[in-house]
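Before any comments, here is the structure.
The values are calculated or read from the model by the stated rules, or taken from the named source; none is laboratory data. For clarity, every value in this text was computed on a predicted model and none was experimentally measured. Reconstructed Cβ throughout: ideal geometry from the backbone, glycine too, with neighbour counts over all protein chains shown.
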């Protein structure tokens, strides 16, 4: 007579494929704010029965496919940056220094193609690099179009894209990554799952907050922080009489704690608002919408 057993693998991307094909696995995610103990992680049978342990929601094949475009775009973007830096390094060895912008570096590299004073091998290498960069730009543009089409067909992504500082790219990534937002009891848990809440060092009844945990999905967290830069700049450009409630809070936070901490605070606020938009089928309120 066999007893039913609950299989507890590690939370890895390849586990979703087996679960989606009937393997019946449940991959638990440690609570954010709880330090993972390597010594105790071997007790799988004990940890899987923890009543407070949340489990990863298994993604379907369609949801995994939606994230494929984001992963490819991220890789091509990193490869484009690496190629630009390589191109700068090659030209710098021959005294060609350009301002810190992609447009300036590309314009300077194109100008060197007709410079007869430079060696032929360098000009040939620069031409190959420029051609490779054009191919990467084409791949990134194709991904952007596909992501925009995906976001337009998803009602959750359409609602999220109206939030100030959250564009189509972030909205599509959130809708594809967060399968069941109801597993979080509040927006703070969702922000903590992404790694945007401070780490606590509390003892003796004194609460001490440190840096953010930076746990969870690094891609999603990076998009929210990048969107926070856009939201901050937009709030600073608006005159005080025309600022929304969210923009007023952003400017006040910026004046109180500075630039970088404000970015994290805005990203945390956006994460909480995104949780509300994902869990409730209602439009975005005017004070949080795009200015």
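With respect to the stated conditions, residue 129 fails to be surrounded by 15 or more Cβ atoms within 10 Å (Cβ to Cβ), in contact (Cβ under 8 Å) with a residue 40 or more places away in the chain and under 27 Å from the mean Cα position of the chain (by Cα). Checking the conditions here, which among 266, 250 is in a helix (DSSP H, G or I), touching a residue at least 40 places away in the same chain (Cβ under 8 Å) and either more than 21 Å from residue 57 (Cα to Cα) or in contact with a strand residue (DSSP E or B) (Cβ under 9 Å, 6 or more places away or on another chain) (or both)? Going through 266, 250 in turn, just one is in a helix (DSSP H, G or I), touching a residue at least 40 places away in the same chain (Cβ under 8 Å) and either more than 21 Å from residue 57 (Cα to Cα) or in contact with a strand residue (DSSP E or B) (Cβ under 9 Å, 6 or more places away or on another chain) (or both): 266.
Is there a residue in the stretch 200-210 that is in contact with a helix residue (DSSP H, G or I) (Cβ under 7 Å, 6 or more places away or on another chain), at pLDDT below 90 and exposed (fewer than 14 other Cβ atoms within 10 Å of the Cβ)? No, the stretch 200-210 contains no residue that is in contact with a helix residue (DSSP H, G or I) (Cβ under 7 Å, 6 or more places away or on another chain), at pLDDT below 90 and exposed (fewer than 14 other Cβ atoms within 10 Å of the Cβ).
For the stretch 148-177, the tally of residues that are within 15 Å of the chain's Cα centre (by Cα) and crowded, with 23+ Cβ neighbours inside 10 Å stands at 12. All but one of (1) more than 22 Å from the chain's Cα centre (by Cα); (2) modelled with pLDDT of 75 or more; (3) not in a loop (DSSP other than H, G, I, E, B) hold for residue 96; state the number of the condition that does not hold. It is condition (3) that residue 96 fails.
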